[in-house]
There are 2 protein chains.
Amino acid sequence: MIAALAGGVGAARFLAGLVRVVPPDDVTAIVNTADDDEFVGLYVSPDIDSVTYTLAGASDAVQGWGRAGESFRTLDALGRFGEPTWFRLGDLDLATHLARTRRLHAGEALSAVTAQLAASWGIATRIVPMSDDPVRTRLTVTGADGQLLELAMQEWFVRERCEPPVQGVHFAGAAAARPAPGVLEALDAADTICICPSNPVISIGPILAVPGIRRALEERRERVVAISPIIGGKPVKGPADRLMRGLGIDVSAVGVASEYASVCGTLVIDALDAHLAPAVEALGVRCVVTDTLMRSPEVAADLARRTLAAVA
Amino acid sequence: MIAALAGGVGAARFLAGLVRVVPPDDVTAIVNTADDDEFVGLYVSPDIDSVTYTLAGASDAVQGWGRAGESFRTLDALGRFGEPTWFRLGDLDLATHLARTRRLHAGEALSAVTAQLAASWGIATRIVPMSDDPVRTRLTVTGADGQLLELAMQEWFVRERCEPPVQGVHFAGAAAARPAPGVLEALDAADTICICPSNPVISIGPILAVPGIRRALEERRERVVAISPIIGGKPVKGPADRLMRGLGIDVSAVGVASEYASVCGTLVIDALDAHLAPAVEALGVRCVVTDTLMRSPEVAADLARRTLAAVA
């Protein structure tokens, strides 16, 4: 059995590789929900949707998020009514948000709705939100006038295009959140716990901030293997560099290792970063070097195989 | 000043003609909301939308309801998730329902939201729901097994295609509903009150069932003129015949006159029904005969002109 801590696109691609090398129903993905937000009254869960659409084979291969063959007719029509349209909700994607929101309002838990939607796609892998309780990433940034202000993750990432410098991050609600049903059980039962190649600060950070999850990894540290999302000093995708730098974390596989050292016995880094292996191991983290840039599902499957072998 | 009691498509076409012959901002449309319902968690107001889209020049000219150039990508995608898709919510139409639902959930009144949406379209005519309080048409029908059951309007009209025979109609919530802000004021201030060519039972019936509205018309009966929606024993559109027959009302201009006799001094009927004029007048309702089939906006404008002249 495998448990995987997952953020968005990078995690989704890794998981799609993983389920090519192990039976899909041996895998439980524990997914970040701290980027969840509400738009035009709809509950949007970007990381759960990236994982779900990718495992369903329905994701947009070019941009990595959202659905293949997407259109934006409803969103464009919303502009007339003065509703914000900076968060690009597609017509196909809206169906997910409508179905999810209706069920949440009817009193169902996010974990139950997530499982139903995954089942609708015929996905055998268990996709579980880190928590059914609301946890929200809040970024303290420097505004245009030099004053500090607080933004929700999507406001900073999408609306402000990651431009305001980040001074701090906190996960509102984390202290009171409980792991969703099945999360601790999956971590306990796992032969291997993967930390997918996701943003360590705002994708994996919130998962570890849910009480009980960090300790579950610490107790099984030798079974935990992470894949560095930083290659050659840059994230493959997304704003990890801006966030890590803003928080004083080295934007490198070494910085990732320092973030994960207490929960993770092994780090997989890219061949391009082979020279950093001694620095990673100096932090007490075993280092495995391989090709980590997931150009295709085949490469992702190779990476998954190497990752599992690293802690076998 | 003109106040108009309005249902859906027939009313919308009449109003589009009316605003060609009088200044649009002299007109207040008081619209039926008893067909409103919730689909996938969205508040849908079919008659308000038909009137709004038509006055905006954005309605689908062929089917009469919904928006021109509509598509159904979100709805089709909802089918995968097991959500009901029999109510055909289009992608453009969804923008209206999303904006409205978000604002209603934020605590705004339906009348305020309706005014905002109309303003977004640049509509000068006032579009006012009959009430901000929920009134819902409930039909008692004979089910397939011969047993009586109760259906919401859209369930009977769209999902069941008007097939189950109707035994009775009631307007749940009507007794406790208050006219929306501006309704009684518009009826008071109007030189002419039009009852648009709408279904007398389930479009005009609920408006008259809101306490205070029927009396306002009774008190000004000589200023009230209705247009028969029945031509040659058939409704131009919609299920008025099935409903009228089920309730023992003659499916004719005479039947319409008998329904409206207490609130309406004048009835406009089609030239095809000229032979019914004596029977209409026998009910104490003055009868005007003209062409009432609104084949084009020009014909609708002629009809509006004749209607206003009838009580001038």
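Rounded, prolate or oblate for the protein assembly as shown? Axes are the square roots of the Cα gyration tensor eigenvalues, ordered a ≥ b ≥ c, and the cut-off for rounded is a/c under 1.5. Here the protein assembly as shown falls in the prolate category. Run the paramagnetic zone check for B:Leu247: 7 angstrom along Cα to Cβ, then residues of the range B:150-179 with backbone nitrogen under 18 Å. Correct set: B:150-158, B:162-177. Helical runs (DSSP H, four residues minimum) scored at -39500 (n - 2.57) apiece and divided by the length of chain B put the mean residue ellipticity at 222 nm at -10000 deg cm²/dmol. Here the Karplus curve 6.51 cos²θ - 1.76 cosθ + 1.60, taken at θ = phi - 60°, turns the phi angles of the range A:50-65 into couplings of 4, 5, 5, 4, 5, 5, 7, x, 10, 8, 6, 5, 7, 7, x, 10 Hz, with x standing for Gly and Pro. Note on B:108-117: average number of Cβ atoms from other chains within 10 Å of each residue's Cβ is 1.
Each part gets one Cα centre, and for the range B:24-72 versus the range A:151-203 those centres are 42 Å apart.
Each copy carries a label point for A:Glu108 at 7 Å from Cα toward Cβ; from one copy, the others' points are 2.9 nm away, ordered from shortest. Note on A:Asp188 and B:Val62: the model spin-label points, each 7 Å out from Cα along the C-beta direction, lie 6.0 nm apart. Distances between placed amide hydrogens fall under 5 Å for B:Gln167 paired with B:Thr140, B:Val141, B:Thr142, all partners being 5 or more residues away or on another chain. Computed on chain A, with alpha-carbon pairs under 8 angstrom and 6+ residues apart, the relative contact order is 20 percent.
The alpha-carbon positions of the range B:260-312 define a convex hull whose volume is 69 Å³ per residue. Per residue of peptide A:98-104, the mean number of Cβ atoms on other chains within 10 Å of the residue Cβ is 6.
Rounded to 0.05, the FRET efficiency of the A:Leu283 and B:Leu149 pair, given R0 = 51 Å and the Cβ-Cβ distance, is 0.15. Phi angles across the range B:40-48 convert, under the Karplus curve 6.51 cos²θ - 1.76 cosθ + 1.60 with θ = phi - 60°, into 3J(HN,Hα) values of 6, x, 9, 7, 10, 10, x, 6, 4 Hz, Gly and Pro given as x.
Compared with the direct C-alpha span, the chain from A:Val22 to A:Leu272 gains 87.3 nm at full extension, assuming 0.36 nm per residue.
Since every read-out is calculated from the coordinates, none of them should be taken as a lab result. All values reported here derive from a predicted model rather than from experimental measurement. For neighbour counting, all protein chains shown are included, and Cβ atoms are generated from backbone atoms with ideal geometry for every residue, glycine included.
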